[in-house]
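*Asks:* Can you keep this structure in mind? I'll have questions shortly.
The values are calculated or read from the model by the stated rules, or taken from the named source; none is laboratory data. Keep in mind that what you see is a predicted model, and the values were worked out from it rather than measured. Please note: Cβ atoms are built from the backbone with ideal geometry, for glycine as well, and neighbour counts cover all protein chains shown. Ligands, DNA and RNA are excluded from the accessible area calculation, which covers all protein heavy atoms including side chains. Shrake-Rupley method; radii C 1.70, N 1.55, O 1.52, S 1.80 Å.
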Amino acid sequence: MTAHYDPYDFANRRHIGPTQAEIDAMLAAVGAPSLEALIDETLPPDIRQAQPLAEEDAFGPALTERRAIERMREIADRNRVLVSLIGQGYHGTTMPPAIQRNIFENPAWYTAYSPYQPEISQGRLEALINFQTLVCDLTGLDVANASLLDEATAAAEAMGLARRVAASKADAFFVDRDCLPQTIAVLKTRAAPMGWRVVVGCPFADLDPAEVFGAIFQYPGVGGAIHDFSGPIAALHAAGAIAAVAADPLALTLLTSPGEMGADVAIGSMQRYGVPMGFGGPHAAYMATRDAHKRALPGRLVGVSVDAHGRRAYRLALQTREQHIRREKATSNICTAQVLLAVIASMYAVFHGPAGLKAIAQRVHRDAVRLGRGLADLGFAVEPEHFFDTITVRVGAFQGVILAQAVANGVNLRKVGDDRIGITVDERTRPDILQAVWRAFGADDPAYDEAWPDARLPEALVRTSAYLTHPIFHMNRAESEMTRYMRRLADRDLALDRAMIPLGSCTMKLNATAEMLPISWPEFYEIHPFVPADQAAGYHALIGDLSDKLCAITGYDAISMQPNSGAQGEYAGLLAIRRYHLSRGEAHRTICLIPSSAHGTNPASAQMCGMSVVVVGADADGNIDVEDFRAKAERHSGHLAACMITYPSTHGVFEARVRELCDVVHAHGGQVYLDGANLNALVGLARPGDIGADVSHLNLHKTFCIPHGGGGPGMGPIGVKAHLIPFLPSDPRSGTEGAVSAAPYGSASILPISWSYCLMMGGRGLAQATRVAILNANYIAARLGHAYPILYAGANGRVAHECIVDVRPFQKSAGVTVEDVAKRLIDCGFHPPTMSWPVAGTLMIEPTESETKAEIDRFCDAMLAIREEIRAIEDGRIDRANNPLKNAPHTVQDLIGAWERPYSREAACFPWGARGIDKYWPPVNRVDNAYGDRNLMCSCPAPDSYEEAAE
Ligand SMILES: *Cc1c(COP(=O)(O)O)cnc(C)c1O
């Protein structure tokens, strides 16, 4: 019957959950005559955008799935995949196919949220504790966190940790000149606003321990040299300073660990543990330290605790260090990290085991030795004397010719100064690759000698200590077992492939399969971030077009893709503001106004930019208290640097007076940072750049469909108005201040996801998604409003794309806490909503446009059934201390053995919403948080404790 095939409808059917009939039914339920009428009641008229996106140049019509994949293919084909022996922190590696298919390409892993609700996160928490154990063992240190963003930012975090714990009062940080240039750049950027000096030099000639509060050394160095740093480390300790070592985790399988040299901190990248280079990311960085400094660690830390039945359970430990609790006093602003990549790296180690990893490292080393020998035979001077995988060759005036010949032979080498070439071999290096390199250096018919050459590792630094002794790294690695291990862990977790994840502010929307396909293509994932531009033409085109689209969506003039998380975007945006003020001779502008309801990353990022946070209160309706805001802007007028506001607000409302707030800040000479994490409520309807903001970050892992990965990766590009363009992040390769991430375009290899989302939605589809996201939230508010107070609403009683449900009254009436309600939702088969943020004791619910009416109804029915359970407690029909809410979540173990509870096992395990045979069973009962922090254990528990815990 239908003559045309409308791709726009098709896009709707993929990303937008409700059908037209469902939309109509929901509109009736919320009492709005049409979607447009609902939007008119919700968005203040003075912020609505004049031009619909569809008419912007950047947006054509929505593409069909097939057409979009073809476009992706065309773009991918413009990248040229050569063998990159560039090194400098990025290496060829092979992701084992079993890991690729079962983790990297498996929505059970990649669509999970950060493991804040431990009962539904035991699988990824186990994988992360394996990661932490791996890192501790390799580095010889006591505690490791569950990943950082990249090696360069990890180095900056190490500098921050050093400042927190060092006894020394000196103001400088020493950086080994053999550190990666991008690491040096990010360290300089991070140090500047804090007033720390960065001294770059040779650790054995230029380090004056009395002058510094800490130092970082690279092991092996960027040019390949391997040094014993125990001397400088001892000298630093004598002066009360902290020593950090940036170490290659593959080299550490053969070399003495940083811990054995006395280092306090080790950082580095786990990229070469099976994670493709991806034009710069995403990859997991690691950080480990001594037990004494564990409370100063940045980022997430997985620990071991027990559940309500005393069985062992994993959870996030020492959260009071983190931004969501400690705000501007947090150990860092990090929120989204690199969980999926840490999981992959840890599985790579499980897959290969210690002997396998060592064999890989030895093979890499042998090839590096063969390579150097072949070049020496050709008459070149090869350095250094001792190395692992990297050599540097003196080539004088032949540098250009040799580099070009190498490219002609399909190999990228590293240009070092004007007269040397660096070469780094890796797991994927094969004889023909070495032969190609030798030919580039002038050999005619080079032969690859199979014989094992003598090792060139420094005798004194050959590793003797054991690593990866835990049984998990010694399991039978038959692929049947590996596959089942990955499956078992995935089954413990509740991700988007099972149920909606209604997490307010986190925008857990569909990550469409068609968008995910290209990230498995070698043309995207096998590109080194520092290849010549012509080899990455596809990437440059994609980044250019996505930037244009994001500018059209936001009303900004330029985008920087460098920040690789939302918090990094905040940091980069505030730095731009800082540098703007500096350029105008206004260094004294350091005050940042931040509402009390702001996300914890906001104050934490402001602190990292050397700003002082002044908190602004909220009024009874949840809006920023405009009078308080005005008064504080006035009081700090001469020193006002910026304000940070989230729009729509973290309370889930479109504040009507947002333009006024922007005007106030501008009138006092400040800049407006608009936290764009809630852009899912704006796209196509309103633009931050039009509202009056100067800079925003966009969470591509929220609004633009990059999956959350269980806590990363993410991308937090920033958009700025023209006057801030000169202050955007600079190229990290320069080694100079201004870069915020290790790679020029952050985690570039996940950008195809956001780009294809835009292609398949078109401007019209994007705006429709926003409208439906708002409808879905208002529908939930309407359905739940009779049972629970909905905390805030706009002038017409409408919420934005999320709503806050208040459960505080039930504390008094039934002794029920927000945690009880959240955990009971797990029994119903749901991931709990955002808990106790931005208002303690409440649940913040964000359905997104992707959820169908049926799934939203299932959720609402579950919430209403829980309300009835609360009523039973209120009415005295069931015990206040022993009831389904207090004992939630229930596990399959609860179906056996004695049962002395005043409610049935059926009521316990199959409440409203739980699906008969498809019931999700949490693997543990409620996890005891306090126990975990009191008995801190952050690496794999010994096997006997498994039995103990099981008893
Ligand atoms: C998610 C979020 C952030 C931080 O983003 P990350 O990528 O996790 O660093 C900042 N602000 C708000 C309001 C958010 O919801």
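*Asks:* Scan segment 586-598 for residues that are more than 14 Å from the ligand (Cβ to nearest atom) and in contact with a helix residue (DSSP H, G or I) (Cβ under 8 Å, 6 or more places away or on another chain) and report the count.
*Replies:* Number satisfying all stated conditions: 7.
*Asks:* When the residues of segment 921-938 are narrowed to those that are modelled with pLDDT of 95 or more and part of a loop (DSSP other than H, G, I, E, B), which ends up surrounded by the most Cβ atoms within 10 Å (Cβ to Cβ)?
*Replies:* The residue in question is PRO922.
*Asks:* Before we move on, is SER583 at pLDDT 95 or above and within 16 Å of the ligand (Cβ to nearest atom)?
*Replies:* no
*Asks:* With respect to ARG326, is the statement that it is in a helix (DSSP H, G or I), touching a residue at least 60 places away in the same chain (Cβ under 8 Å) and more than 14 Å from the ligand (Cβ to nearest atom) true?
*Replies:* yes
*Asks:* Give me a count of the residues in segment 254-308 that are assigned to a loop (DSSP other than H, G, I, E, B) and not charged (D, E, K, R).
*Replies:* Result for segment 254-308: 21.
*Asks:* Moving to a separate point now. Could you identify the single residue in ILE826, ILE774, ILE804 that is farther than 30 Å from LEU542 by Cβ and part of a helix (DSSP H, G or I)?
*Replies:* ILE826
*Asks:* Please give the number of the condition SER649 fails out of (1) modelled with pLDDT of 95 or more; (2) open to solvent by less than 40 Å² (accessible area, probe 1.4 Å); (3) polar (S, T, N, Q).
*Replies:* Of (1) modelled with pLDDT of 95 or more; (2) open to solvent by less than 40 Å² (accessible area, probe 1.4 Å); (3) polar (S, T, N, Q), only one is false for SER649: (1).
*Asks:* Can I ask one more? Looking for something within 16 Å of the ligand (Cβ to nearest atom) and open to solvent by 20 Å² or more (accessible area, probe 1.4 Å) - is there at least one such residue anywhere in segment 341-350?
*Replies:* No, the conditions are met nowhere in segment 341-350.
*Asks:* OK, next. Do we have LEU724 as outside any loop (DSSP other than H, G, I, E, B) and within 16 Å of the ligand (Cβ to nearest atom) here?
*Replies:* Taking the combined requirement at face value, the residue does not satisfy it.
*Asks:* Still on this model: Restricting to segment 546-580, give me the number of residues that are more than 16 Å from the ligand (Cβ to nearest atom) and within 22 Å of LEU661 (Cα to Cα).
*Replies:* Of the residues in that region, 8 qualify.
*Asks:* Considering segment 467-495 alone, what residues qualify as being within 15 Å of SER850 (Cα to Cα) and either within 16 Å of the ligand (Cβ to nearest atom) or of a type in the set (D, E, K, R) (or both)?
*Replies:* none
*Asks:* A follow-up question, please. Within segment 632-717, considering only strands (runs of 3 or more DSSP E) that don't extend past its boundaries, which have at least 3 residues that are within 13 Å of the ligand (Cβ to nearest atom)?
*Replies:* So the answer is 640-646, 671-675.
*Asks:* Now for a different question. Any residue at all in segment 29-36 that's more than 30 Å from ARG783 (Cβ to Cβ), surrounded by fewer than 20 Cβ atoms within 10 Å (Cβ to Cβ) and not charged (D, E, K, R)?
*Replies:* So far as segment 29-36 goes, no, none of its residues is more than 30 Å from ARG783 (Cβ to Cβ), surrounded by fewer than 20 Cβ atoms within 10 Å (Cβ to Cβ) and not charged (D, E, K, R).
*Asks:* Still on this structure, I have one more. I'm trying to understand the selection: among the residues of segment 603-646, which are aliphatic (A, V, I, L, M) and open to solvent by 10 Å² or more (accessible area, probe 1.4 Å)?
*Replies:* The answer is MET608, MET611, VAL613, VAL614, VAL615, ALA618, ALA620, ILE624, VAL626, ALA631.
*Asks:* Just checking, does segment 395-413 include any residue being more than 17 Å from ASP248 (Cβ to Cβ), touching a His at 6+ places or on another chain (Cβ under 9 Å) and of a type in the set (Val, Ile, Thr)?
*Replies:* no
*Asks:* So, one more: Would you pick out the residues in segment 544-563 that are touching a strand residue (DSSP E or B) at 6+ places or on another chain (Cβ under 6 Å) and β-branched (Val, Ile, Thr)?
*Replies:* Of everything in segment 544-563, those that are touching a strand residue (DSSP E or B) at 6+ places or on another chain (Cβ under 6 Å) and β-branched (Val, Ile, Thr) turn out to be THR554, ILE559.
*Asks:* Could you check segment 425-480 and list, in sequence order, the residues that are exposed (fewer than 14 other Cβ atoms within 10 Å of the Cβ), assigned to a helix (DSSP H, G or I) and out of contact with any helix residue (DSSP H, G or I) (no Cβ under 8 Å at 6 or more places or on another chain)?
*Replies:* Across segment 425-480, the qualifying residues are ASP432, GLU459, ALA460, SER480.
*Asks:* If I filter segment 700-707 for residues that are modelled with pLDDT of 95 or more, open to solvent by 10 Å² or more (accessible area, probe 1.4 Å), within 14 Å of ILE553 (Cβ to Cβ) and touching a Ser or Thr at 6+ places or on another chain (Cβ under 9 Å), do I get at least one hit?
*Replies:* Yes, segment 700-707 has at least one match.
*Asks:* Looking only at segment 712-763, which residues are in contact with an Asp or Glu (Cβ under 6 Å, 6 or more places away or on another chain), of a type in the set (Gly, Ala, Ser) and surrounded by fewer than 22 Cβ atoms within 10 Å (Cβ to Cβ)?
*Replies:* ALA722
*Asks:* Further, regarding this structure: In the set ALA451, ALA455, which member is without any contact (Cβ under 8 Å) to a residue 12 or more places away in the chain, small (Gly, Ala, Ser) and closer than 28 Å to LEU255 by Cα?
*Replies:* Exactly one of ALA451, ALA455 is without any contact (Cβ under 8 Å) to a residue 12 or more places away in the chain, small (Gly, Ala, Ser) and closer than 28 Å to LEU255 by Cα, namely ALA451.
*Asks:* Continuing with the same structure: Just for segment 233-243: of the residues that are open to solvent by 30 Å² or more (accessible area, probe 1.4 Å) and in a helix (DSSP H, G or I), which one is farthest from HIS386 (Cα to Cα)?
*Replies:* ALA238
*Asks:* Out of the strands (runs of 3 or more DSSP E) lying entirely within segment 121-232, which hold 1 or more residues that are buried (at least 24 other Cβ atoms within 10 Å of the Cβ)?
*Replies:* Fully inside segment 121-232 and qualifying: 172-176, 212-219.
*Asks:* Let me ask you something else. Regarding segment 492-509, can at least one residue be identified that is over 30 Å from ILE753 (Cα atoms), open to solvent by less than 10 Å² (accessible area, probe 1.4 Å) and in a loop (DSSP other than H, G, I, E, B)?
*Replies:* no
*Asks:* Then there is this: For LEU843, which of the numbered conditions (1) assigned to a strand (DSSP E or B); (2) closer than 15 Å to ALA773 by Cα fails to hold?
*Replies:* Only one criterion in (1) assigned to a strand (DSSP E or B); (2) closer than 15 Å to ALA773 by Cα is unmet by LEU843, namely (2).
*Asks:* Suppose we filter GLU868, GLU874, GLU900 for residues that are open to solvent by 30 Å² or more (accessible area, probe 1.4 Å), touching a helix residue (DSSP H, G or I) at 6+ places or on another chain (Cβ under 7 Å) and among the acidic types (Asp, Glu); which single one remains?
*Replies:* The match here is GLU874.
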